Structures are given as C-alpha cells and as structure tokens.
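> Sending over a structure as structure tokens; questions will come in a sec.
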Amino acid sequence: MLNLLIILNAFFVTFTDKPLSAEPALSPRAVEQRAKWDIPIDELDYPVHSTYIDSLRHMGVTVFHSSRWFNGVTCEMEDELLRQVEQLDFVASVEKTRDNCDPDYVSPHRNKQLVQTTNSDGISFLQTTAQLNLYNLTPLHNAGFKGQGILMTVCDGGFKNANTLSCFRQDELELGHFDFTDDTDPFYGRTGTHGTMCLSAISGLKTGFVGAATQAQYYLMRSEENLTESPKEMDNLVAAIEKSDSLGVNIFSVSLGYAIFDNDAWTLPKSALDGQTTRASRAALIAARKGMLLCVAAGNEGSSAWRTISAPADADSILSVGAVDIDREIGIFSSYGPSADGRVKPEVCAVGVGTTLIDPAGNITTSNGTSFATPLLAGMAACLWSALPDENAQQIRERIIRSADRFSDPDDHYGYGIPDAWAAYNMRTEQGCEATLTNYPAPGAVKFLRGAQLLIQRHGHTYTPTGQRIE
C-alpha cells in the first residue's frame, strides 16, 4: 500500500527583499552557458534570504522549497501560525496553494495521460522508429547526432523502476534526481509509471526500441503529487524549472498541466491562460529568457468540456506539443489553442496516438497522450541542438517551428504542425537561423534577441519578457 499524504494547508510566502551579496545560485556549467550565449546574471539568479527561511522554520513552519525567481517559499503551517507569519516585517504576502479539500479521484482532469497500453507482442522495430521518422529524425541519428552534449530534465510524477531498467543506462546518463513534492512514496516507487514511459521516449534503448535522444544526459525531477490537484503543484514545478536552470540544463520536458483543481475555487478561468498569470507559466518564460528550451504537453482535453490548453503550455517562447498519430492525423483528445492572448498553441505536434514506449516492467508497449508526444519532441530538439551546439535555445526553437509542415498556415489544433528535424538542421542563413520568433505578445509588439537575451519592443520602448521596461 502507498504511504498516503496527510493533506494540510500549503502556502506560497513572498518576501519583501533578497540579498545580492551571496553567490548566484548557478552551477559552473550554468555560468559557462550564460557567458557563451551572452545572457546576463541578474537579481533573479540570487537565492532567497536564508535568514528569512530560518526564521519561518524556527516558528514551526514546514518549508518545502524556495523560489529565487519569485522571492518566496512554498510551505505548510496551521492557521495559528499563518496569522503570525502574515505580520512579519519581511513577508510581503501569503497565498494559500493547497487546502483540506477532499480530492476528486474520478474527475477527468486528474488523468494526465490517456493510457490504453498493449503488450509488446506484435510491436515491431519498424513501429518504434516510425514515430521518429514522422518528423524525419533518423537522418540526424545517422549523421551521429543523438543528443550528446545536451543536458535534459524530465519532470513528472515519479519514475517507477527507472533506476533499475537497463534500457535507461542510468549509470551513464542520469546525473541525479530531485523530489519537489511532499508525497511519501519513494521517488522510484509505484506513483511513477507515467514518468518512466515519458523518459523512455527520450532515452530508451533496447532490442526493438530506440528513443529520440539516446546519448543525452538527464536529470529526473518529480513535481506532480499523487493524491491531490492543487496550485501547490505548479509551485513544485517552478522549483523544478529553477533547479534545472541552476544546473545548466538545456532542455526541460514536462508532461503535466494545470487548470482544474480539487477545490473548484482555484480552477483557472480560461482568460488566465495568457502566459503571464500563473507562476508556472511565468517561470517557463523566465527559463526561456535564461537559455533553456522548454517542451510542454498541450494537454488531453480536446474532446472534453474544457477543450483547451493548460498551464504552463500557455507560456510564450516554449514549445507546447500536441498529439498526432503515425498518419499525421491529430488525436481527438489533443488540447486546442490558442492561448488567451491569441498566440498559436500548440506550437508543434509529435506522435501521441499509439506512441511506442517502454513501461516500468521493461516491456515495449503503446500508449496515448500529449504526454508522450512531448518527450519525443524534446528528444528531437536535443539531437538538433547537439548538431548545432553554438546556437541558443530560441534559435533551436525557431528552426523547429519553421520546419513544421503547417508553418505558413497554422491553426488551433495542429499549431505549426509536424516539424522536420533534417530540414531544421539544414536551414541556412548568414548567421544561422535568426530567432525573430513567430508569436507576438500584443499588437504592435516585436520580439528580438540582443545577444542571447530575448526582448520585446512595443510602442518605442523595450521590455523583458516578464514586462520590465529597460529602455
């Protein structure tokens, strides 16, 4: 039996300030990459004030993790402590992110994948490679580009048996794992079938099966909690994105999405899916500005009443991924765009209908969901970046979008369509593929790169993607 989570109130506590005297929370690899792509180290890279965290803990607050980008902590406390914390001089605000609302175990929004698995009987190697050939990845593999030199994160709800399955070559490729939940089930325990299958789409390698980027190294991170659906999980995801940034991760693949919660009061209005409202979506945009490429599942609500994407698939400057079958037909469940502010969503599609995967028992199987299209696309991006190591994340993203089969005529279901990895690699311009980008945040706004920093020009002024005016 799983160890059950004791559900208590959780909060995000925002602090008034942070010290800039400490060292930035960046690994040597992250610092090296920032320098390579001319990305400045700024206030967001400095850690939260440790004295503030220590003060909360001394009061009896349980602190789960901190956010340097939003200058706060995710924590748990009783109501009596809440009133004391709200009065602290260094606390700017306190927001409840999980309560004691009973989870709705049968609600369809809790089904993050559409699992219709089969066993390996009758699944041929041609089927496992067909999903790579759909976006013409095999020529890159044949040229020797299989993700080497690229560091990835796969973020999910757990990774059952990923530490023991030889197909993942853990000793060679996995650099570590991190748990940002307060679940008590082991990281590689029974909550993790979904993450394991997502990982297989990237890294799996065994007789009869090849993943999309079998030489990319990776971290595994858990942000999805097993028994609840609350905004706290979005803050867990923020923590995973920030940790990946600090480690110098190049590509972040996440097959999770948030819009509808156990407490209906927290369910997002569709107007909030504008890339600027939830912390998870804003964190995805910050990560893009800091040199990471995020690949996010568009969602599996295309045939439900909700129908549209979720957060953080609504973020700008990422790749949200829809699901097609091997015949290029969109999956009926694949969530629709656009974002609330009118940007094309999803950006691209990959095989998410009948995706060939490896399950936690080590069997080759098939399953459905944008969950599985996303790591396939992330693996493609890793191979492309491996072939073009001097380009930055936004240039790689732009190559992928421009190579897609509906680039000239995108829609709300396919987005720009199915990319072509070999065509993306062979795009040639005087200075590589210029990342002018294809989505615009508002009428009259134009995105551009200065060095490797993504900026927005609107009405004669220049802004960062998070809205800070700099000129």
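> Just one of the numbered conditions (1) aliphatic (A, V, I, L, M); (2) in a helix (DSSP H, G or I); (3) more than 17 Å from residue 158 (Cβ to Cβ) is not true of residue 202; which one?
(3)
> Of all residues in the stretch 248-288, count the ones that are β-branched (Val, Ile, Thr) and assigned to a helix (DSSP H, G or I).
1
> Within the bounds of the stretch 337-348, is there any residue that is in the same structural domain as residue 212 (by TED's automatic domain parsing) and free of Cβ contacts under 8 Å to residues at least 24 places away in the same chain?
For the stretch 337-348, residues in the same structural domain as residue 212 (by TED's automatic domain parsing) and free of Cβ contacts under 8 Å to residues at least 24 places away in the same chain: present.
> Within 14 Å of the chain's Cα centre (by Cα), surrounded by 24 or more Cβ atoms within 10 Å (Cβ to Cβ), at negative phi and at pLDDT below 95 - does that describe any residue in the stretch 239-253?
No, every residue in the stretch 239-253 fails to be within 14 Å of the chain's Cα centre (by Cα), surrounded by 24 or more Cβ atoms within 10 Å (Cβ to Cβ), at negative phi and at pLDDT below 95.
> Here's another thing I want to ask about it. Select from the stretch 355-391 the residues that are more than 21 Å from residue 297 (Cβ to Cβ) and surrounded by fewer than 24 Cβ atoms within 10 Å (Cβ to Cβ) and list them in ascending order.
Passing the criteria: 361, 362, 363, 386, 387, 388, 389, 390, 391.
> Does residue 264 satisfy the condition of being touching a residue at least 12 places away in the same chain (Cβ under 8 Å), surrounded by fewer than 24 Cβ atoms within 10 Å (Cβ to Cβ), closer than 30 Å to residue 342 by Cβ and in the same structural domain as residue 144 (by TED's automatic domain parsing)?
So residue 264 fails the test.
> Could you look through the stretch 6-39, keep only residues that are surrounded by 17 or more Cβ atoms within 10 Å (Cβ to Cβ), in a loop (DSSP other than H, G, I, E, B) and aliphatic (A, V, I, L, M), and pick out the one that is modelled with the lowest pLDDT?
Only one residue fits best here, namely 7.
> Going through the stretch 135-147 one residue at a time, which ones are more than 22 Å from the chain's Cα centre (by Cα) and either crowded, with 23+ Cβ neighbours inside 10 Å or not in a loop (DSSP other than H, G, I, E, B) (or both)?
The answer is 138, 139, 140, 141, 142, 145.
> Follow-up. Which one is nearest to residue 158 (Cα to Cα), of the residues in the stretch 256-303 that are of a type in the set (Ser, Thr, Tyr) and in contact with a strand residue (DSSP E or B) (Cβ under 7 Å, 6 or more places away or on another chain)?
258
The values are calculated or read from the model by the stated rules, or taken from the named source; none is laboratory data. What you see is a predicted model, and the numbers here were worked out from it, not measured in a lab. Note: ideal-geometry Cβ built from the backbone for every residue, glycine included; neighbour counts use all protein chains shown.
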